[in-house]
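The structure under discussion appears below in the form of structure tokens.
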Amino acid sequence: MNRRTFVVLLGAVAGCNSVASPDPSSETPTAAPTRTRTAASTPQATETGTPASTEAPTSTEAPTETEQPSPTETETSEPTGAERRAARRIEQAKTQLTDVVETFTVEYGSELTAVTAASPDFLDRSYELRAELADAQGAYVEAGNAAATAEQTRTANRLQGCWHFLGDARDTQMKVVEAYTELESARAAFEDNDPSTGRTAAEQMQTRRRQATNRLQTLRAESSVEDASVIDSISESEYQNKLAQFEADIGVYEDLDDTLDEFAEGIKWFRLAKIEFEKDDRNVQDAESKANEARVVLADVSNTLTSMLNGLGDDTSLKPALKSLRSLASEKAREAARMDN
């Protein structure tokens, strides 16, 4: 081997050695990224799990916060001893007022409107109703004094209004019935050909009618439908119907004022004609003139009563009384016509 060939071979061996030996500086960058990626993935898994475990307690605490007000609300709604005592007083007052209603309507029905102008027995209950109203007044006063809440105070005030309604209704009904008894007295007097007594009874009827009007005005001023219906035995419609009945009956009495005066006038002529015809020395012409006057007046009364009946609504309880008066007027007119012939 010559020198040249030896140099070439030596260079080749040196080149092989430089490629095969690893470079320490290049191993660190290569391993570092690998460890960095592995380490990075581990914390991410841990951080993702940590919020999940943190949210679980949060969801558990939410219902606890929602349920906390329940015990507080229960404690607030529980009535106090004062409220319970007031509630008992209120119920007692309602019972006393209901007793008044039952006494008011006894023997007639359950509705206040069952008691009408033509209920003379109602006058016999004056003392009993007055006594029960006094008991009811004491009961609602105690309820008002014991009221422990605003609502209980409002209820006590309504009880007072209901008491006023029943008291004023009693007074109004009394006068309406008294007016009816005077109307019946007037009718009986006309039937007996007694115009003077009939006229007096008619005047008394108008006095009772004016008194009933005043009582009804007081009733409206001191109570309301809301007050009356605070007890179960009086409905709103019953309150309104009773007031309508009062107004209708009182209105009939007022309309009868001139009619009864005319009735008395017709009966006066009827009586004079009858007396004249029964004389031994009767003046036939005078008797016939008086009988004719009676016939005309009484026929006019009958027509007026017919018109009144045709114009009446269903609220008044005086239709039967008007029909009875009309029948009497018609009968007397026919009898006067027979005397005239």
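Bear in mind these aren't lab numbers, they're just calculated from the coordinates by the rules spelled out. All of these numbers come straight from a predicted model, not from anything done at the bench. Backbone-built Cβ (ideal geometry, glycine too); neighbour counts: all protein chains shown.
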Legend entry - Ranked Y180, Y127, Y253, Y108, criterion: other C-beta atoms within 10 Å, fewest first: Y127, Y108, Y180, Y253
Inset, instruction - Within the set of other residues whose C-beta is less than 11 Å from the C-beta of E247, count the net charge using Lys and Arg as +1 and Asp and Glu as -1. - result: -1
Inset, instruction - Project the alpha carbons of region 84-340 onto their principal axes and report the range along each, largest first, in whole Å. - result: 88, 31, 27
Legend entry - Net +/- balance of residues flanking S229 in space, Cβ distance below 11 Å, scoring K and R +1, D and E -1: -4
Inset, instruction - Estimate the FRET efficiency between L312 and D232 by the formula 1/(1 + (r/R0)^6), using the beta-carbon distance for r and 35 Å for R0, to the nearest 0.05. - result: 0.65
Inset, instruction - Report the net charge of residues surrounding R282, where surrounding means a beta-carbon distance below 12 angstrom and charges are Lys +1, Arg +1, Asp -1, Glu -1. - result: -3
Legend entry - Charge dipole magnitude, Cβ of K and R +1, D and E -1 - region 84-340, Cα centre, debye nearest 20: 580 debye
Inset, instruction - In whole Hz, with x marking every Gly and Pro, tabulate ³J(HN,Hα) for region 322-328 from phi via Karplus 6.51 cos²θ - 1.76 cosθ + 1.60, θ = phi - 60°. - result: 5, 5, 5, 5, 5, 4, 5
Inset, instruction - Among A179, H164, L123, pick out the residue whose Cα is farthest towards the positive end of the charge dipole of region 84-340, where Lys and Arg carry +1 and Asp and Glu carry -1 on C-beta, about the Cα centre. - result: H164
